[in-house]
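See structure below.
The values are calculated or read from the model by the stated rules, or taken from the named source; none is laboratory data. Just so it is clear, the structure is predicted and the values come from calculations on it, not from any experiment. Glycine gets a Cβ as well: all are built from the backbone with ideal geometry, and neighbour counts include every protein chain shown.
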Amino acid sequence: MRARILTPEILDHLAPGDPRAVKSRRDLVRINAVMGQAPAMARLLSDFPAPKLIADLGGGDGRFMLGVAKRLAKAWPGVTVMIADRQPIVSVETRARFAQLGWRCESLTGDVLVTLPLIKPDIITANLFLHHLDGPLLVQLLELAAQRGKGFAACEPRRSLLALLGAQLVGVLGANDVTRHDAVASVRAGFRGQELSALWPKDARWTLRERSILPFTHGFTAHAL
């Protein structure tokens, strides 16, 4: 496919309580499940030492990281997850479900370029978030992540014809107009090859790995030596 094309996604501009936004977030839970995002992220994270603090960039309502926590809680007890997002929409129920796993969930509200410097996480994660950023902003965020964290893991849309076909079919899952638009936009703004590695700061202390994860995901990890 051609170079990345960034198109504004509708969900980013809807109020949290807008019925279309609420429905789209529900759609995203289903789409994450179909894409296998939580198990993919858990596999990426399993290569890291057990952390005390994880910052999840653009983590929304926290349900994605809850799915990751269910897969890692036994091996990684007592983790705190900071859900970094513009809007504090993590529910009391979701926080309680983290607590049942022995993890703590907190919110970090605001622009991640402003809030991430306020904390020092062991690992920074991003699920379907980096593709929202254009080149200069993405470079700025990755530089900041390298400064603040000891590890970084991302599961992003893979920019491929197969992924584009999948995005065009999300209506079959009952997705609303917001999700149908945003799914296609996400794939066109996604990643392939070694694009994220090329944008990561050049520093010999980092080990980078970038790969395709079936069926539609692009995975990237950075380990500090």
When segment 182-194 is checked residue by residue, the ones that are touching a residue at least 40 places away in the same chain (Cβ under 8 Å) and either surrounded by fewer than 19 Cβ atoms within 10 Å (Cβ to Cβ) or basic (Lys, Arg) (or both) are Arg188, Arg192
Of the residues in segment 1-21 that are surrounded by 16 or more Cβ atoms within 10 Å (Cβ to Cβ) and assigned to a helix (DSSP H, G or I), the one that is nearest to the chain's Cα centre (by Cα) is Leu11
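Yes or no, residue by residue, for (1) touching a helix residue (DSSP H, G or I) at 6+ places or on another chain (Cβ under 9 Å); (2) of a type outside the set (A, V, I, L, M, F, W, C):
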position	(1), (2)
Phe152	yes, no
Leu161	no, no
Ser186	yes, yes
Gly190	yes, yes
Gly193	no, yes
Gly219	yes, yes
Just one listed residue, out of Leu169, Leu173, is surrounded by fewer than 16 Cβ atoms within 10 Å (Cβ to Cβ), within 19 Å of Gly36 (Cβ to Cβ) and touching an Asp or Glu at 6+ places or on another chain (Cβ under 8 Å), and it is Leu173
Of (1) over 20 Å from Thr80 (Cα atoms); (2) modelled with pLDDT under 95, Lys23 fails just (2)
>> Going residue by residue through segment 66-73, is there one that turns out to be within 23 Å of Asn176 (Cβ to Cβ) and either at pLDDT below 95 or in contact with a helix residue (DSSP H, G or I) (Cβ under 9 Å, 6 or more places away or on another chain) (or both)?
In response: yes
* Does Leu128 satisfy the criteria of being surrounded by 15 or more Cβ atoms within 10 Å (Cβ to Cβ) and touching a Cys at 6+ places or on another chain (Cβ under 8 Å)? -> yes
